[in-house]
Amino acid sequence: MVLAVFILIFFLFPIYWLGITAFKHSEDWFKWPPVLIPKSLTFNNFLGTEGGFFGGIASIATVVPYLRNSLIVAIATAFISTLISSMAAYSISRFKTGGIVFANWIISLRMLPPVAVILPLYIFFKQFGMLNTRLAIILCHLVFTTPLSTWILITFFKEIPKEMDEASYVDGASPLQCFFRIVLPLSAPGLAAVTTLAFIQSWGEFLIALLLTSNSDAQTLPVYLGRYITGFRIAWGPLAAAGLIVMIPVIVFSLLMQRYLIKGLTFGAVKG
Amino acid sequence: MKRKLLILCTYAVCVFFALGFVSLSFGSQKEEGKKAVTLNVLSSPDNADALAEISKRFIRINPDIKVEVSPVSWEVLYPQILADINAKTGAFDVCTWDLMTAGSIAKGMLDLEKFAQENPDFVDPDFNHDDFIPTAAYVYGKWEGKNIGYPFYGATMFLFYRKDYFEEPMYQAAFERMYGRKLSPPKTWEEALEVTKFFTKSENSMSPTEYGITLMFPRSHTLFYMYINWFAQMRRSSRGIAKYGDVSLDWGDLFTADKKPAFNSPEGVKAMEMMMEIMQYSPDPLGSDYGETYEAFGHGIAAMCPSWTAVLSGWKDLPELSPINDKVGVAVIPGGHPVSGGWGLGINDASKHKEAAFRFVQYATNTESDKLQWMQFRIGPTRFSVLKDPEVLADSPWMEGVYAYSLENASHRPRIPAEPKLEDIMVGTLSEILLGNKPNIADALDKLAMEWNKILGR
Amino acid sequence: MHKQKKLIALLLILPIVLLFAGLTIFPFLYMIYMSMHDYDLSESTEWNFIGLRNYTDIFKDELAISSVHFTALLIFIALPIEMVLGMFIAWLFRDMAGEKIIRSTALLPMMVPPVVAGIAWKMLFNYNFGPLNYFLSFLGIEKISWLGNEFFARTGLIVIDVWQWTPFVFLVIYSGLMSIPKELSDAAKVDGANPFKALLRVEMPILMPLISTVLIIRMIDILKLFDIVFMVTWGGPGHATHSFSYYIYKVGLSYGWNVGYASALSILLLIVVIILVNILMRILRIRELLEL
């Protein structure tokens, strides 16, 4: 039991620290001994007026366009990724389309380090005038989230007995109808799990968003945090405040969906 | 029945998502259509607040132009500027560029002088070019004859120190006893070592601070410019000038007059040795950057802090340093040749809103803005008139002496196109030397010089 | 009917194929092309064809080698810790009181975007004022320079990786444990074995495929590690914490713009990854897993 407590503290502490820093006065950000429980709190970090700053750039109001972009990109990625991967997973698991080679290729795509392909992608999007657009980011995120989703869904669909498919064919349904009416609803937990994972990944993705965008038209939250980073900026409070804002939506969403995550992530590997 | 419910739910969720996505993207498209001319100003974080304030005033005077300041961290700003210059997409209209990137971005920046000549209607008649401090006008404005920017943030490093401790009779007496001279801000790095030891608890139990100085030698471009503070002491001594020739404003202190690396020399080695010696009396030098030294000095852990002027705006709110005029003194960096920093404000050659951009850049660098950025944000002025302004002098009396002297005698980094690359490998090598991984310093610096020559195509 | 099925089957995979073909095959081919040239974006001059010289340069590049070294360090130290810790936690929390809350808490770190995690840990690692050094002082340990010392910087990154991804291992193993029919685990316990032995003898073998899967996924992700390095150490001190992906970034996208060399490095990384994963997949018999 004690062990469990230690482990939980380990997991929780950094998040807690970030959280309270967001509400600390500037002289408390760095003090020795560290201020574990602040005596007074402030909202000024959200207004960007602590630590010698003057609102304006550091104010949390500037986060709105980035929040909007992140929401659009993450939701779109999650939704489209689930759709595409479920279609492909269905095709592969039921009809063995492409065989092991195709499946292997899809799964191996997850190994792609973003940093390796970002340059050609940059040139690619430049050619089509799609730099600094949300669509470009969505497309890239899709490439990185779909493989895992497909993999998970393949194993999930495996659990659904083929007899149900057969039954629907007997009833005169086409494979497509079978997909939408039988397989999809039965695999709802798996779909939810996959959507959540894709959302988490897209929300936190940094490198692609950084390199393919240049202003708040399309930049996402992780890039927004970049404005506070390294060296010259000393605004730990506003930074923590911004970090909190970046963190909360995805945490809330994931916690809501955790039940499905747990049901859905067995990779079908557990047989009775 | 349960199954139908499940199916219905799934469809409902899908529809909800789709609607949300569609409405969000359409919503913002409508917004974008309504915008007037919007200038995208790419700015480093330390300039961003001032630029935001300046933009607000600018928009009031020019309601037809909107200005959006996009702060990006230092490490990202330069690659972004470069990427856009090469792609010619005009993703930003105006940018702050760090003075040493002048050579590498020059080709993508608009020639402001030429533009002014071709578009006299946009030129502000009150904009005084002669008011700029000559060095500033050059390093933040010109590259190979092209006028690529107007000076925005004029900067050199300063030595900030605890005036209250330095003027405390008890410490003055003790220092005089130990070192035989008066306690005052050190003029050379040798003197600095003594003062540092005096204020380090482990060396001197009566020291009020734990460390004498707080230094930033991290694995980032900070280390590159910190090195020059030491190296310049010797490079610009009369012996240094005799041996290596004058320092060119384009090639900087690390090169000889005939453009060869000057740091692979006894002087270069000595600079490293001095750094290694003094860093023992500073908290975590290799893990500290600008922010860490700010906090260390700000909470009274160190007695001295070499840094840029922007720290003053934050320190005045910290209880340890209140009231700031009594506790913090400003002196010239030991060695007498502080490294220069600063930013120019330039226009992207591929910008689609050049006229609006020009009006903005002019406004942001005129006398009024220059004074505002100092008074409110501690961003160094670049104009003579501001340095002599009575309000400025009342607020910061040291401007006249220390500031002017530092600007005139500053040391410089190279501004040539290859600079970012040269800098990065130098930081790697210097970092390894400081870590103790390269005991033969002369050898390491020689190898570095060879790499530099390779990059420079020799 | 059969033909129609086949047609629909193919149509279903069309979107995924289009997406990947456009966005991965083209970059891949373009990268191979670039890797054989000497091209520097910042100088934007001509492309010089230099064949495989970029590749041979890699082996002479001590920075590349040291980043391989650090990445390997992560795989051989961080990964085992994550796996063992994750499994241990899954077993520990299984039938505990307040399970739901504990479970939610344990999942938090992996939901935090890596960049935010980087910020939080950077504060914790602060030499002068960081809580970590504060807690260590209770154990009588002097302040550690987490970011200024090669050994500790590497340790720090390993700690962050463990912190962030153990929950993922925990999640997957936990799901696995949950889906084992109760009768099986109860039966094992009844046989007089203590809970730990029951775990070993009965449940582990069932979970083996799951464990292997997670192992592969985590290993791939470590090879891609970038965000944390960028946020916390910027690759330093010296070159101690350059992960391989981070090194590619430095060479090709930050000060370097040496796109040709960066491409060669990337291709090498891809080849290594593909080989590794294929070997692993073969060992773990993924084929059977997917029933293909």
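Converting phi to 3J(HN,Hα) with the Karplus coefficients 6.51, -1.76 and 1.60 and the offset θ = phi - 60°, the stretch C:266-278 yields 5, 4, 4, 4, 4, 4, 4, 4, 4, 4, 3, 5, 5 Hz in sequence order, with x at every glycine or proline.
Extending 7 Å from Cα along the Cβ direction at residue A:105 and again at residue A:171 yields two label points whose distance is 3.5 nm. Remark: the protein assembly as shown carries a charge dipole of roughly 3540 debye about the Cα centre, counting +1 on each Lys and Arg Cβ and -1 on each Asp and Glu Cβ. Phi-derived couplings, Karplus 6.51 cos²θ - 1.76 cosθ + 1.60 at θ = phi - 60°, listed residue by residue for the stretch B:179-184: 10, x, 9, 6, 7, 7 Hz, with x used for Gly and Pro.
Give the relative contact order (percent, whole number) for chain B; include only Cα pairs under 8 Å separated by 6+ residues.
Value for chain B: 25 percent.
Considering only B:48, B:90, B:59, and ranking their Cα positions along the charge dipole of the stretch B:28-111 that arises from unit charges at the beta-carbon of Lys, Arg, Asp and Glu, the one farthest toward the positive end is B:59. Placing a pseudo-label 7 Å from each Cα along the Cα-to-Cβ vector at residue B:394 and residue B:173 gives an inter-label distance of 3.9 nm. Charging the Cβ of each Asp and Glu at -1 and of each Lys and Arg at +1, and nothing else, the dipole of the stretch B:347-417 about its Cα centre rounds to 360 debye. Note on residue A:248 and residue C:155: with the Förster distance fixed at 35 Å, the Cβ-Cβ geometry gives a FRET efficiency of about 0.70. Positive end of the dipole of the protein assembly as shown (Cβ unit charges, origin at the Cα centre): among B:149, B:252, B:206, the Cα lying farthest that way belongs to B:149. Neighbouring Cβ atoms from other chains, within 10 Å of the Cβ of residues in B:275-288, number 4 on average. The charge dipole of chain B, taken about its Cα centre with unit charges on the Cβ of Lys, Arg, Asp and Glu (plus for the first two, minus for the last two), comes to roughly 1240 debye.
Between C:67, C:89, C:77, the Cα set farthest toward the positive side of the dipole of the stretch C:58-121 (charges on each charged residue's Cβ, about the Cα centre) is that of C:89. Neighbouring Cβ atoms from other chains, within 10 Å of the Cβ of residues in A:118-129, number 5 on average. When each of the peptides B:112-123, B:291-302 is scored by how many other beta carbons lie within 10 Å of its residues on average, the order from highest to lowest is B:291-302, B:112-123. Calculated FRET efficiency, residue B:352 to residue A:127, Cβ-Cβ distance, R0 = 22 Å: about 0.70 to the nearest 0.05.
Per residue of C:127-139, other chain Cβ atoms within 10 Å of the residue Cβ number 5 on average. For the pair residue B:249 and residue C:92, label points projected 7 Å from Cα toward Cβ lie 6.4 nm apart.
Which percentage, to the nearest 5, of the DSSP beta bridges contained in the protein assembly as shown is antiparallel? Here the share of antiparallel DSSP bridges comes out near 70 percent.
The HN-Hα couplings worked out from phi for the stretch B:391-407 by the Karplus form 6.51 cos²θ - 1.76 cosθ + 1.60 (θ = phi - 60°) are 5, 4, 5, 5, 6, 9, x, 6, 4, 5, x, 4, 5, 4, 4, 4, 4 Hz, whole numbers, x standing for Gly and Pro. With a Förster radius of 25 Å applied to the beta-carbon distance between residue C:274 and residue C:10, the computed FRET efficiency rounds to 0.45.
Quick check on the protein assembly as shown: helices-only [θ] at 222 nm, where DSSP H runs of length 4 and up contribute -39,500 (n - 2.57) each and the sum goes over total residues. Nearest 500, please.
Computed ellipticity for the protein assembly as shown at 222 nm equals -18500 deg cm²/dmol.
Other residues within the sphere of radius under 15 Å centred on the Cβ of residue B:232, judged by their own Cβ, net out at +2 (K and R +1, D and E -1). A Gaussian network model of chain A, with springs between Cα atoms under 10 Å, assigns the largest mean-square fluctuation among A:194, A:64, A:101 to A:101.
Readers should treat all values here as calculations from the given coordinates under stated rules, not as data from a laboratory. Since the structure is predicted, the reported quantities are computational estimates derived from the model, not experimental observations. Quick reminder, even Gly has a Cβ in these numbers, built from the backbone with ideal geometry, and neighbours come from all protein chains shown.
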